[in-house]
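Asks: This is the structure I want to talk about, given as structure tokens.
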Amino acid sequence: MAVDARGGHSPPEGDTIVDPSKYAVAAAPDRYLGLIRVVTVSRPRIGLVAVRAGEQRRGIARALLAHALGTLHRSGFAAAWTEVHESNQAASALFEDIGARPMSSNLELVR
């Protein structure tokens, strides 16, 4: 598995939401396995971590988070925030395992 932060495409003409530089993907030689999106408003926000259903529970989300958090740390950011729905037990466990703390109904990740 490789993590690629290049994005791989350009946004469609007039698209102001999609910015490939905000994404990193985990890929096998023949397919994408998962992706992560991090944007910075006042502080970095992990807005998406996704892994194909058949590829889950193999450490891909953890690798994507490690890549994104390492990049943020090298850029001078000590914390990131995200939202995990309380019914998503797997995501909650993953984020808590890497140090996120529940903040009301959200988790705050400080690394």
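All of the numbers you see were taken from the coordinates with simple rules; none came from a lab. Note that the coordinates shown come from a computational prediction; the quantities given were computed from them, not determined experimentally. Methodologically, a virtual Cβ is constructed for each residue, glycine included, from the backbone with ideal geometry; neighbour enumeration extends over all protein chains shown.
Asks: Around Pro102, under 14 Å between beta carbons, what's the net of Lys plus Arg minus Asp minus Glu among the other residues?
Replies: Charge balance in the 14 Å sphere: -4.
Asks: Let me ask something else. Using a Förster distance of 22 angstrom, determine the FRET efficiency expected from the C-beta separation of Arg58 and Ile98, and round it to 0.05. It would help to have the intermediate numbers written out before the result.
Replies: Numbers: r = 16 Å, r/R0 = 0.74.
E between Arg58 and Ile98, to the nearest 0.05, is 0.85.
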